[in-house]
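K.L.:
I'd like to ask some things about the structure below.
The values are calculated or read from the model by the stated rules, or taken from the named source; none is laboratory data. Because the structure is predicted, anything quoted here is derived from the model rather than measured. For neighbour counting, all protein chains shown are included, and Cβ atoms are generated from backbone atoms with ideal geometry for every residue, glycine included. Quick note on the areas: whole protein, heavy atoms, side chains included, nothing else; ligands and nucleic acids left out. Shrake-Rupley method; radii C 1.70, N 1.55, O 1.52, S 1.80 Å.
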Amino acid sequence: MSRTRTALLAALALVAGASGTALAVTPGDAGLAAVPCTVDYKVQNQWDTGFTAAVTITNNTTAKSSWSLKWAYAGNQKVTSGWNAKVSQTGTAVTAANESYNGTLATGGSVSFGFQGTYSGTNAVPATFTLDGVTCNVDGGTDPTDPTDPGGGTKVDNPYAGAKVYVNPEWSAKAAAEPGGSRISNQPTGVWLDRIAAINGVNGGMGLRAHLDKALEQKGSGELVVQLVIYNLPGRDCAALASNGELGATEIDKYKTQYIDPIAAILADPKYASLRIVNTIEIDSLPNLVTNVSPRATATANCDTMKANGNYIKGVGYALNKLGDAPNGYNYVDAGHHGWIGWDDNFSASVQTIKQAATAEGATVNDVQGFITNTANYSALKEQYFTINDSVGGKSVRESKWVDWNRYTDELSFAQAFRQEAVNQGFASGVGMLIDTSRNGWGGTARPTGPGATTDVDTYVNGGRIDRRIHVGNWCNQSGAGLGERPQASPAAGIDAYVWIKPPGESDGSSSAIANDEGKGFDRMCDPTYTGNPRNNNNMSGALPNAPLSGHWFSAQFQELMKNAYPAL
């Protein structure tokens, strides 16, 4: 590697939209063997005045417990936000320092982070980097904006960064038809592939190709994410009846060949290569293998069966493997929510179970972009008026009936902790989290405005909690719920996006038994008169009356969600 070649490559890097690999070298270095570190800087997306970039550091020297990467821009680039690193800028000089959860950098280990910025004119790749004071020089690169460049198609760190998200026209039309619904009908929601027939469209509705074609129209010249819900496991939702599926417990081959394989084939069509496909993988599946199997009091015979036959593990592994092969595919595995997985005996075990699936059927942990929590659930994003560390009258908040010894009080703290536990157990340090905020706003007149009274720990928690459910285990068509934070990218450390995967207004399950050909049963947790079971400590269900089958339009719920939205509409 000559200084002349380095200078030439630095000049070539002035082409807008380029990327580069920076190699830390010592004078006289004749090859890569002595390189103490590499820094790979890629401009992933670029538009008129802005861009997103992904940076990967590989450490080839002594292991580090913290790190700091520095560079300077030749132009007027300004960093506006970052993720997986503390990114700051003074003048043209930029510093990216580790977060608390990714400071460890082993010999041979890598860490990735990303950021969004603005520019005008050219957007040159920085010519020089230093990692903890070691100088790095540019050594070539690829242009992700050039389809003939072999570097194109590399997955980005956060698919939501710098991208629009697909607005499902079928949901949008239903929302817009509701009084006041036009206020949110332009929000992006998930496309649920909840049975084999959904791939080609049910009852004249849009199939997967129709959605992807419409997504190309919405995309324009920028980047666009399409959110798919992969949701059809054999013996689906073994602990609930309202969302049972079409495949029996043993039909794993049918799941593979008639469901996953056709989806993968469509997504592999080069026509859709410019779309970012986010696959949320099998909602409410793997956590059931931890919490609802024998000898737990919450065990069900169906969950015992699915644990014994291994078809949840095989199915998720197969989906991750097949869908993870696409260069534009991003898999996020369902991780339940804090009111399900937040207890000590559930938390680490759930990560272990997901890792088992992520290394089955040819899948690897690299097929997992991240995890999604609170899908189709109601757990508050952030409890403002009490923390897990508070105590009243000598009693910890954990001793309250609401928290019930959980380690977490809300979804944000849970999701960030779950991410760190996943990294600790061998998932990539760059994995991100999604949080479904479609129905966890809990606004309206019932929303507290301050802490509860300190009479006792239960009064304190109940008076101040944002989540107004009767019990944190209640999950079906909850009365009083509201729309939550609007979909947005990179809202907090470790969080790739807040998303609306569950389309507001679609029922969780019917309030009474309804005959159907969709394989959906009647779950008493959707019955407002039901007095509960061990999974919700035998409390009332808190469900709305007169609900239709799961997935069907529920106008009364949609109106209530808008009325109680927080932030308000």
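K.L.:
If the chain between Ser294 and Ser100 were fully stretched, how many nm would it gain, using 0.36 nm times the residue separation less the Cα-Cα distance? Can you show the working numbers first?
P.N.:
Values: separation 194, 0.36 × 194 = 69.84 nm, distance 3.72 nm.
Full extension of this stretch gives 66.1 nm more.
K.L.:
Moving on to the next point. Rounded to the nearest 10 degrees, what's the angle between the helix 344-358 long axis and the longest principal axis of the chain, both from Cα atoms, 0 to 90?
P.N.:
60 degrees
K.L.:
Another question, then. Can you compute the FRET efficiency between Asp456 and Ala301 using 1/(1 + (r/R0)^6), with r the Cβ-Cβ distance and R0 = 51 Å? Round to the nearest 0.05. Intermediate values should be presented prior to the final figure.
P.N.:
Numbers: r = 40 Å, r/R0 = 0.78.
Using R0 = 51 Å, I get an efficiency of 0.80.
K.L.:
Can you give the Rg to Rh ratio of the stretch 461-569, both from alpha-carbon atoms, with Rh computed by the Kirkwood formula? Before the final figure, lay out each step's value.
P.N.:
Numbers: Rg = 15.2 Å, Rh = 15.1 Å.
Rg/Rh for the stretch 461-569 comes to 1.00.
K.L.:
Run the simple label-point estimate for Thr135 and Thr90 please: 7 Å along Cα→C-beta, distance reported in nm.
P.N.:
Spacing of the two 7 Å Cα→Cβ label points: 2.1 nm.
K.L.:
Where does the chain land at 222 nm, in deg cm²/dmol rounded to the nearest 500, when only DSSP H runs of n ≥ 4 count, each adding -39500 (n - 2.57), divided by all residues?
P.N.:
On the way: 12 runs with 115 residues, N = 569.
So the calculated ellipticity at 222 nm is -6000 deg cm²/dmol.
K.L.:
Take the alpha carbon atoms of the stretch 158-231, find their center, do the same for the stretch 278-355, and report the distance between the two centers in whole angstrom.
P.N.:
When both Cα centres are located, 25 Å separates them.
K.L.:
To continue, here is another question. Return one number: the angle in degrees, 0 to 90 and rounded to the nearest 10, between the long axis of the Cα atoms of helix 208-219 and the longest principal axis of the Cα atoms of the chain.
P.N.:
It works out to around 50 degrees.
K.L.:
Report the gain in length on full extension from Thr364 to Thr122: 0.36 nm times residue separation, minus Cα-Cα distance, nm rounded to one decimal.
P.N.:
Values: separation 242, 0.36 × 242 = 87.12 nm, distance 3.86 nm.
Separation in residues times 0.36 nm, less the Cα-Cα distance, equals 83.3 nm.
K.L.:
Turning to a different aspect of this structure: Sticking with the crude label model, points 7 Å out along Cα→Cβ, report the distance from Arg447 to Asn76 in nm, one decimal please.
P.N.:
The answer from the label model is 3.9 nm.
K.L.:
Can you give me the C-alpha center-to-center distance between the stretch 404-482 and the stretch 512-552, rounded to a whole angstrom?
P.N.:
If you average the Cα positions of each part, the centres end up 22 Å apart.
K.L.:
Hey, another quick one. Rule-of-thumb check for the stretch 409-482: C-alpha Rg over 2.2 N^0.38 Å?
P.N.:
Numbers: Rg = 15.7 Å, N = 74, 2.2 N^0.38 = 11.3 Å.
Scaled against compact globular proteins, the figure is 1.39.
K.L.:
Over 26 Å between Cα atoms, which of Lys322/Lys355; Lys256/Lys520; Lys155/Lys307; Lys214/Lys502; Lys78/Lys382 qualify? Each step should come with its number before you reach the end.
P.N.:
Working: Lys322/Lys355 16 Å; Lys256/Lys520 21 Å; Lys155/Lys307 33 Å; Lys214/Lys502 20 Å; Lys78/Lys382 30 Å.
Pairs exceeding the cut-off: Lys155/Lys307; Lys78/Lys382.
K.L.:
Would you please put 73-80, 320-327 in order of how densely packed they are, using the mean number of other Cβ atoms within 10 angstrom per residue and starting with the highest? Could you put the intermediate results ahead of the total?
P.N.:
Numbers: 73-80: 15.9, 320-327: 20.2.
Peptide ranking by packing, descending: 320-327, 73-80.
K.L.:
While we're looking at this one, here's another question. Ranked highest first by average number of other Cβ atoms within 10 Å, how do 472-478, 330-336, 248-254, 413-419 line up? Before the final figure, lay out the partial values.
P.N.:
Details: 472-478: 25.7, 330-336: 27.3, 248-254: 15.4, 413-419: 23.1.
Descending packing order for the listed peptides: 330-336, 472-478, 413-419, 248-254.
K.L.:
How would Glu421, Glu399 rank on accessible area, largest to smallest, probe 1.4 Å?
P.N.:
These residues rank, largest area first, as Glu399, Glu421.
K.L.:
For Val191, what accessible area in Å² do you get when you roll a 1.4 Å probe over the heavy atoms of the protein chains, rounding to the nearest 10?
P.N.:
10 Å²
K.L.:
Separate question: Run the simple label-point estimate for Ile388 and Thr49 please: 7 Å along Cα→C-beta, distance reported in nm.
P.N.:
4.1 nm
K.L.:
With Rg and the Kirkwood Rh both taken from Cα atoms, where does Rg over Rh land for the stretch 291-331?
P.N.:
Working: Rg = 14.2 Å, Rh = 11.7 Å.
The Rg/Rh ratio comes out at 1.22.
K.L.:
If you take the beta carbon distance between Leu216 and Asp325 as r and set R0 to 30 Å, what does 1/(1 + (r/R0)^6) give as a FRET efficiency, to the nearest 0.05?
P.N.:
On the way: r = 21 Å, r/R0 = 0.70.
After rounding, the FRET efficiency stands at 0.90.
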